[in-house]
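Working notes for the structure below.
The values are calculated or read from the model by the stated rules, or taken from the named source; none is laboratory data. Note that the structure is predicted; figures quoted are calculated from it, not measured. For neighbour counting, all protein chains shown are included, and Cβ atoms are generated from backbone atoms with ideal geometry for every residue, glycine included. Keep in mind that these areas ignore ligands, DNA and RNA; they rest on the heavy atoms of the full protein, side chains included. Shrake-Rupley method; radii C 1.70, N 1.55, O 1.52, S 1.80 Å.
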Protein chains: 4
Amino acid sequence: MKAQRVEMFVSPSATPADTSGLQALADAGKIKPDTLVALVGKTEGTGAHDDWGRVWADVALREWTAKFLGVPVDEVARHVIFVLSGGCPGVITPHIAAVAREWVDAPGSSDGEDKRLVVGRAGSEAIAPEEVGRMGMIRKVAEATREAMKDAGLTDPKDVHLVMVKVPGLTTASIKDAESRGKTVVSHDLTFGPEGAGVYANDGAALGVAMALGEVPESSLSDEVVRRNWDLYSEVAMTSSGGEKRHGEVVVFGNSSQSVSPLRIGHAVTRDFIDAEGVRSALRSAGLRFEDGLPDEADLNRLVHVFAKSVIPGSDQVRGRRITLLDDAHAYEIGKALGGMLVASVTGRTTNYVSGGERNSHQGPPGGNIVAAVVRIEED
Amino acid sequence: MKAQRVEMFVSPSATPADTSGLQALADAGKIKPDTLVALVGKTEGTGAHDDWGRVWADVALREWTAKFLGVPVDEVARHVIFVLSGGCPGVITPHIAAVAREWVDAPGSSDGEDKRLVVGRAGSEAIAPEEVGRMGMIRKVAEATREAMKDAGLTDPKDVHLVMVKVPGLTTASIKDAESRGKTVVSHDLTFGPEGAGVYANDGAALGVAMALGEVPESSLSDEVVRRNWDLYSEVAMTSSGGEKRHGEVVVFGNSSQSVSPLRIGHAVTRDFIDAEGVRSALRSAGLRFEDGLPDEADLNRLVHVFAKSVIPGSDQVRGRRITLLDDAHAYEIGKALGGMLVASVTGRTTNYVSGGERNSHQGPPGGNIVAAVVRIEED
Amino acid sequence: MKAQRVEMFVSPSATPADTSGLQALADAGKIKPDTLVALVGKTEGTGAHDDWGRVWADVALREWTAKFLGVPVDEVARHVIFVLSGGCPGVITPHIAAVAREWVDAPGSSDGEDKRLVVGRAGSEAIAPEEVGRMGMIRKVAEATREAMKDAGLTDPKDVHLVMVKVPGLTTASIKDAESRGKTVVSHDLTFGPEGAGVYANDGAALGVAMALGEVPESSLSDEVVRRNWDLYSEVAMTSSGGEKRHGEVVVFGNSSQSVSPLRIGHAVTRDFIDAEGVRSALRSAGLRFEDGLPDEADLNRLVHVFAKSVIPGSDQVRGRRITLLDDAHAYEIGKALGGMLVASVTGRTTNYVSGGERNSHQGPPGGNIVAAVVRIEED
Amino acid sequence: MKAQRVEMFVSPSATPADTSGLQALADAGKIKPDTLVALVGKTEGTGAHDDWGRVWADVALREWTAKFLGVPVDEVARHVIFVLSGGCPGVITPHIAAVAREWVDAPGSSDGEDKRLVVGRAGSEAIAPEEVGRMGMIRKVAEATREAMKDAGLTDPKDVHLVMVKVPGLTTASIKDAESRGKTVVSHDLTFGPEGAGVYANDGAALGVAMALGEVPESSLSDEVVRRNWDLYSEVAMTSSGGEKRHGEVVVFGNSSQSVSPLRIGHAVTRDFIDAEGVRSALRSAGLRFEDGLPDEADLNRLVHVFAKSVIPGSDQVRGRRITLLDDAHAYEIGKALGGMLVASVTGRTTNYVSGGERNSHQGPPGGNIVAAVVRIEED
């Protein structure tokens, strides 16, 4: 019987186009052309939609990967999923996490209690512009999430701890296309502002994950609830959108008793924007044992990576006191930076994947945010 | 024998000009015209030198205080020291802390172990523009710090936990004045940039405190070490500067066995920019007892206020990993916001006094920052 | 017969709260309690919705005006209309223009060719949140515009050269109110972003002016065209919105042969974002004579004031070449600053009223902007 | 006899890495490996020192040029000088101007009145960190400027209309190097702030040009006058600096009666920040004839390119009125944008090279800026 063995390697980047960390992993045989399944990273730059740091990183990493795999650049996406999140404000170290999956002969399933990391991927059907941020997108992302779970060998949604999704956004061209066919689109605002197409796309994708995992019943979902009913949300979906895409891409991370990985993943949600205990809960969920207090150095040495959202609360109150973040012209950047500090102050390191900055989301509960952690259970 | 009884009341502000919290304190008899000694607050706005939120707050608070004291507006400064720090990015709630000091008959000194909060104030001699950020300023601030300690009834520098200082900065006019007299000035850059007059003034003041408290021997000090030798610093000085001033103002907070205050102050320094444990150490220093882990609700209910600096490290490394904060066009605002998160994630509240954003300082050790905390020891 | 005699006085402001220019006008008898009808100004600050420079200016100017008129502060709005536009980026000098109107005995109407400045004001009916940015607002602003024309003594829309309008925007509270009554609102985005409530309110007001003046036939108007059909626009409407208001306020400036003012107003539109000739056309429209080339010093000495919008084009092309302004995180501020430069480079002065920064508007044609100019025809 | 024939081709860039315009020029035979002497461009991005748009453009353009020339990437700099200025705020179209120079047989010198465009280049001696912004740099840039004039075949400084210079700046490493050798450096501030190393380097280079051209006598120059005595300046130097360089590079543009180019260059300075007439003077200087008024379409069709600085005035007054630009946190970006508008409003196009944003400079007179223009005198 074949079992997954998943590894995750985190390399800091000296510049957006720095591929030396990946090359070192390749040289050391830690990633191979047939095991590399995903590159997930934070790139330095403005974090805006025209963030040239992120664009340059994307170009350079795809070129490197094409050479590594021995395929043309435009075929890289069939083999490796890229999730690059732009903007490293504050204490977020630019880095790339390489996810490698190999299939190894396993003597049989482990004890059901000792579940280990698995990863699965799937593409969605093409998503039309008129479906962005609406039920069309929600259903197609839900279907792709189910397929990615199958690819991961996961059947119980409780074993899913992180679902990263990339979906098409809207562009001037795609809006024109939809309207020329007599369709409407969810927004004409192409930004990540509160009524922007970018957040509608992200939130449609999040609700798709929530539907697939049963976090939200399909009967509660409709075009009207997207970015209106914040009680509907996923606790494990981290989503992003880009105008250039036509299909959704889904990567599911979970734990399985079939896995022989040395790693385990867990997750939790923060209850509000300053909730460091929520971050600690995520570490515990992944297998670090520090029941009442703080992780110590030995614990933190076993921590492989943290993935966190830092969505800005829609309210101007945190624990009953007013903050002015919603009024801040730089709220997008500051909101992301604050999530980076919340995580770093707990993990004692700055190489954390923290994305966000938008206001309100179906990614995580109202006011709170999703934190997933990967921990090394055994040494290689 | 007369002993100090010091109280501190923290009121959130709904707008920069909101004096309703002070009025409520006055109405309740908690502050009186002859007990109000200082107003220390964070005001919402840009945090820049032309932050109209801060300027408006200053005007409105002085007007209110003048009426409260029954004195003309331009005499308010003789009675009450104002320290208003502009900019509440992220999770810093705009607020005003009123410090009230009364002299009460005391039966005799308490047990030397049970020291309580005292406060003292002093003005410095006039500081000429050519002295700003140089030995002239350092010596005059040191002298005023010694006087303020005397006013507080403090003799041992170890009992001093927070020294807030306001000094004159440079202006186009004061530079012209100095140069017309054949003098030079420390900088022609009027900003808070790394060679700006603003940070030279603040750092001259910090070294003055360090000299008075013996944290830095006078023999180590010279014009040349200011903003050059970062090994010289104070662990308790929080300083600011303004072009409009001619004298320095110093407020010393410490603990004394002569005090009958219900409050105690303590302080610590963070070892680097993400060191939440440094914040917890400050709470312990002030008297909260949570030896190994985290403060609980009962502990935090006794916390009256936190004062923290959030100076940006001069290095681009935090615990061996690169961050891009030094390159960030919004580093000043983000740096301050990050300090706010570090404190709030520990205190569980957002009404913390956090100033900073500048790069490097003699306020606190290289890379680390000062945190002072005031804790209620006994209920009224 | 009574005729209007309108004067306009422009005073630079040293700070947001500077009322010394107004006091000097009052002391000189140029403005009187019964002649002051409007204060229109640019205030320094961020230009954002929580611009404390603008808020402080509003408070200080209303207090001054209340004293000047001898009425309580909350009655000032009945007598004097305030239009304060926040943000003076670049080469826009903070200033206040005081508009004074007196009724004088006139021997009879002047030659129809020699029309002079008149001003008229009107308030609209209360505008409900569900009407903001929709036909409800459009019709009510249209009605108030007609009344303000009547107050000005204007009957021909061709004689109207500038209509300044302030209308209610949406707030969290007013949205809640509308939805609790089963109504919908035009946007949940409270910003001035492309789908923000702020621009919907401004554009509803602009279409109301366009309807009143016959620039757009009522039959072309519906909820659906607002911020969708940019071929519908006014060439004279400059509008703004604020959450705190419940009624619209309209000030109409035009020329009348009944007026004995020493001033005349004119206007033009720029054909695109760099069209300096459009600014010159506005000066010519108001009566400066420089048929083919450039105004000279004598011409410019007769120029009293310029009012200009600087709406950012919705296209990323100017005269066939790509610009990146739409992608700029600071587009709002830069867009306003660029309008200030376009005007200043023609007028040779920086005390121009320039508002804008938003993307697309029914205030002016697609890509172009409105410019109105007031010129002194005869010396006092 | 061999004469220069210089051409300049301006191509808009669709992205920072867009080389399609250059490829089209190459394909059309307009630039050849042995005629391409310089690429001068504006790249989109933040304009800050870590502007990834500019860095990516530099990488991509050097790679393209290496292939075009058939040399390794690290030898490109020996053949082609790159001047890439980051940041296209407002109405500045990202573009690349390719400068091609060929040597053709010429029948003899033209009429001395009909001077045409020539170009010359030279590298300076290595400039040590301790020389940056001081006499060492000034003298070495002066020497290189004289050599570049020689390369251009120019002897009379009056024939020089534009000198573009790139010099080494300071870095953390180079400061350490200097100080380890017992030397001091001009600043520890690595920004382009008013006391930053970046502006000292730029201004040292500008004074070097001024010295070479006799605009400033050597006897007036000393370390002390740099960024202190603004009466010393060049009217033709546009300089930039980068930490990675060790030598200065100089490109001189001028007119010569020996040239058979179809182009001519001219220049002028604006008298202040809103002086559109200064821009028009530059066009006239290059050979457009519109004596009193405005250039018409036929004139502007002959305009090949404009190079302009947009240095922010050190005073807060423009023509006697206060502006707030010096206080603006975004002054650097806005200052550059305003220069772009001033030029575009005159040229009627947005593909202008406009750099600047810093405060005060020896590039141009106090408050004013340099504008150079290249005009086509005869059709190909």
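Observations
- Residues of region D:85-94 satisfying the condition of being buried (at least 24 other Cβ atoms within 10 Å of the Cβ) and touching a strand residue (DSSP E or B) at 6+ places or on another chain (Cβ under 8 Å): D:GLY86, D:GLY87, D:CYS88, D:VAL91, D:ILE92, D:THR93, D:PRO94
- Scan of region C:1-28 for residues that are in a loop (DSSP other than H, G, I, E, B) and either basic (Lys, Arg) or closer than 20 Å to C:ALA66 by Cα (or both), ordered by number: C:SER13, C:THR15, C:PRO16, C:ALA17, C:ASP18, C:THR19, C:ALA28
- A search for C-beta distances below 6 Å between a residue of region C:60-83 that is free of Cβ contacts under 8 Å to residues at least 60 places away in the same chain and any residue that is assigned to a helix (DSSP H, G or I) and of a type in the set (Ser, Thr, Tyr), counting only pairs 6+ apart in sequence or on different chains, returns C:VAL76/C:THR65; C:VAL80/C:THR65.
- If you filter region A:105-140 down to residues that are part of a strand (DSSP E or B) and open to solvent by less than 40 Å² (accessible area, probe 1.4 Å), you find that the one that is farthest from A:ASP223 (Cα to Cα) is A:ARG116.
- Tallying residues that are at the interface with chain C (Cβ under 8 Å from one of its Cβ atoms) and part of a helix (DSSP H, G or I) within region D:341-372 yields 5.
- Scanning region D:25-84 for residues that are of a type in the set (Gly, Ala, Ser) and farther than 24 Å from B:THR324 by Cα gives D:ALA26, D:ALA28, D:GLY29, D:ALA38, D:GLY41, D:ALA66, D:GLY70, D:ALA77.
- Taking the numbered list (1) touching a Lys or Arg at 6+ places or on another chain (Cβ under 8 Å); (2) within 22 Å of C:GLU244 (Cβ to Cβ) in turn, C:ASP159 passes all entries but (2).
- A:LYS2 of a type outside the set (Asp, Glu), at pLDDT 95 or above and open to solvent by 10 Å² or more (accessible area, probe 1.4 Å): no
- Qualifying residue in region C:291-311 (condition: modelled with pLDDT of 95 or more, of a type in the set (Ser, Thr, Tyr) and closer than 19 Å to C:GLY87 by Cα): yes
- When region A:29-54 is filtered for residues that are among the hydrophobic types (A, V, I, L, M, F, W, C) and either modelled with pLDDT of 95 or more or outside any loop (DSSP other than H, G, I, E, B) (or both), the ones remaining, listed by number, are A:ILE31, A:LEU36, A:VAL37, A:ALA38, A:LEU39, A:VAL40, A:TRP52.
- Selection over region B:313-338 of residues that are more than 10 Å from chain A (Cβ to nearest Cβ) and hydrophobic (A, V, I, L, M, F, W, C) gives a count of 1.
- Residue among B:GLY357, B:GLY320 that is on the phi > 0 side of the Ramachandran plot and over 17 Å from the mean Cα position of the chain (by Cα): B:GLY320
A quick yes/no check of all residues on (1) surrounded by fewer than 22 Cβ atoms within 10 Å (Cβ to Cβ); (2) in contact (Cβ under 8 Å) with a residue 60 or more places away in the chain; (3) more than 14 Å from chain D (Cβ to nearest Cβ); (4) not basic (Lys, Arg):
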{"residue": "A:THR19", "(1), (2), (3), (4)": "yes, no, no, yes"}
{"residue": "A:ALA24", "(1), (2), (3), (4)": "yes, no, yes, yes"}
{"residue": "A:ASP27", "(1), (2), (3), (4)": "yes, no, yes, yes"}
{"residue": "A:LYS30", "(1), (2), (3), (4)": "yes, yes, yes, no"}
{"residue": "A:GLY45", "(1), (2), (3), (4)": "no, no, no, yes"}
{"residue": "A:ASP50", "(1), (2), (3), (4)": "yes, no, no, yes"}
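- Just one of (1) surrounded by fewer than 21 Cβ atoms within 10 Å (Cβ to Cβ); (2) in a loop (DSSP other than H, G, I, E, B) fails for D:ARG227. It is (1).
- Filtered by the rule that a residue be in a loop (DSSP other than H, G, I, E, B) and polar (S, T, N, Q), region B:276-327 gives B:SER315, B:THR324.
- Members of region C:186-215 found to be over 21 Å from A:GLY314 (Cβ atoms) and either at the interface with chain A (Cβ under 7 Å from one of its Cβ atoms) or in a loop (DSSP other than H, G, I, E, B) (or both), listed by number: C:LEU213, C:GLY214, C:GLU215
- Residue that is modelled with the lowest pLDDT, among those in region D:346-380 that are among the small types (Gly, Ala, Ser), over 30 Å from D:LYS30 (Cβ atoms) and surrounded by 23 or more Cβ atoms within 10 Å (Cβ to Cβ): D:GLY357
- Any hit, region C:253-268, residues being open to solvent by 30 Å² or more (accessible area, probe 1.4 Å), within 14 Å of chain D (Cβ to nearest Cβ) and either free of Cβ contacts under 8 Å to residues at least 24 places away in the same chain or aliphatic (A, V, I, L, M) (or both): no
- Taken over region C:157-203, the criterion of being in contact (Cβ under 8 Å) with a residue 40 or more places away in the chain, of a type in the set (S, T, N, Q) and farther than 30 Å from C:VAL306 by Cα is satisfied by C:THR171, C:SER174, C:THR184, C:SER187.
- Condition check for C:LEU300 on (1) open to solvent by less than 50 Å² (accessible area, probe 1.4 Å); (2) touching a residue at least 60 places away in the same chain (Cβ under 8 Å); (3) more than 9 Å from chain D (Cβ to nearest Cβ): one failure, at (2).
- Flag not set for D:GLU102, criterion: in the same structural domain as D:LEU207 (by TED's automatic domain parsing) and either open to solvent by 10 Å² or more (accessible area, probe 1.4 Å) or without any contact (Cβ under 8 Å) to a residue 60 or more places away in the chain (or both).
- Filter result (surrounded by 22 or more Cβ atoms within 10 Å (Cβ to Cβ) and not small (Gly, Ala, Ser)) within region B:270-279: B:THR270, B:PHE273, B:ILE274, B:ASP275, B:VAL279
- Index of the failed condition, A:ILE334 passing every other in (1) open to solvent by less than 30 Å² (accessible area, probe 1.4 Å); (2) under 18 Å from the mean Cα position of the chain (by Cα): (2)
- Within region B:228-247, the residues that satisfy the criterion of being in contact with a strand residue (DSSP E or B) (Cβ under 8 Å, 6 or more places away or on another chain) and modelled with pLDDT of 95 or more are B:TYR233, B:SER234, B:GLU235, B:VAL236, B:ALA237, B:MET238, B:THR239.
- Criterion (closer than 24 Å to D:ALA372 by Cα and surrounded by fewer than 23 Cβ atoms within 10 Å (Cβ to Cβ)) met by exactly one of D:GLU218, D:GLU143: D:GLU143
- Residue match in region D:62-79 (condition: at pLDDT 95 or above, over 21 Å from the mean Cα position of the chain (by Cα), more than 16 Å from D:ARG101 (Cβ to Cβ) and within 12 Å of another protein chain (Cβ to nearest Cβ)): yes
- Among (1) within 14 Å of chain B (Cβ to nearest Cβ); (2) closer than 17 Å to D:ALA126 by Cα - the single one D:VAL167 does not satisfy: (1)
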